[in-house]
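Undergrad: The structure follows.
Bear in mind that the values in this text are calculations on the coordinates, not laboratory data. Remember, it's a predicted structure, so these values are computed and weren't measured experimentally. When we count neighbours, we look across all protein chains shown, and the Cβ atoms used for this are built from the backbone with ideal geometry, even at glycine.
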Ligand SMILES: C[S@@+](CC[C@H](N)C(=O)[O-])C[C@H]1O[C@@H](n2cnc3c(N)ncnc32)[C@H](O)[C@@H]1O
């Protein structure tokens, strides 16, 4: 099964959910700006799963996906873009470039998801990214970045999750493992790995390996201020009062809880003029 499996397909099924993500991003944008999200840039887009979904949602939707890695983008063209109509494809641009170098056309929103900006290891480079991103966003538009933390984020551990995959008879359900492999408290440099394993006991170790810096919310929000964003705020996951579990809905709050592990979104607005 490991020989037959396609790591990008497994990745998308394990960690991406374009319908939920785009509904959340579009709804938040409408509530926050009063405008409908029609122009969307996906930084670190990988296989452009989100962007391809977005252009299929409405005849006026336009998207740009930016990624440095051509084989990954090319996989997205074959698997996510090719199933779009020619007209939908016209509203999607994929740019094989460094996100630090792309500014035009300016979009209403930039999303940088699955912690991809953590590839930047120092303040000057993250500031450069945020400054370039702000200048790539229309006046009044926003950037949305996810962030992850809590004491468990600094524990070396492997966390396995079963992924339902019934539409693929060859592979079937499989296990996604998130491996927090090395963490240096001095620098917050982090090596994380993704492994997949299958019902026939075969596995793909190190399908994806990330050398990240685990940025904290105050570091990112301070740099967003330096980059010229305004009204920088955090969307925090709600808690079900009965089960004490996360509700998977995110709301603007001024203060978080010291949860063992959390994911949140940081939002900043490009000033209007
Ligand atoms: C963790 S994956 C994210 C994929 C997808 N966006 C998601 O949310 O799951 C990170 C992606 O960022 C890309 N990447 C890393 N550094 C980049 C840079 N400086 N500019 C553009 N893309 C970059 C990698 O090629 C990879 O596809």
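Undergrad: What is the range 8-120's relative contact order, in percent, from Cα pairs under 8 angstrom and six or more apart in sequence?
TA: Averaging sequence separation for qualifying contacts and normalising by length gives 29 percent for the range 8-120.
Undergrad: Over the range 120-253, what is the relative contact order in whole percent, taking alpha-carbon pairs under 8 Å and six or more residues apart?
TA: 19
Undergrad: Let me see the pair-distance distribution of the chain: every alpha carbon pair, 10 Å bin width, integer percents in order.
TA: Spelled out bin by bin, the chain gives 6, 27, 37, 24, 5, 0 percent.
Undergrad: Let me ask something else about it. So how far, in whole Å, is the C-alpha centre of the range 47-87 from the one of the range 169-248?
TA: 23
Undergrad: Rounded to the nearest 500, what is the 222 nm mean residue ellipticity of the chain from helices alone, with -39500 (n - 2.57) per DSSP H run of 4+ residues and division by all residues?
TA: Theoretical 222 nm ellipticity from helices: -7500 deg cm²/dmol.
Undergrad: Which of the peptides 44-56, 236-248 is most tightly packed, and how do the rest follow, judged by the mean count of other Cβ atoms within 10 Å per residue?
TA: Highest mean packing first, the order is 44-56, 236-248.
Undergrad: Ok, one more. Residues of the range 7-28 with the amide nitrogen closer than 17 Å to a label point 7 Å from the Cα of residue 247, along Cα-to-Cβ, please.
TA: 24-25, 27-28
Undergrad: Could you grab the relative contact order for the chain? Cα pairs under 8 Å, six or more apart, rounded to a whole percent.
TA: For the chain, the relative contact order is 17 percent.
Undergrad: Taking every eigenvalue of the Cα gyration tensor of the range 154-213, multiplying by 5 and rooting it, what semi-axes result, largest first, whole Å?
TA: 28, 9, 9
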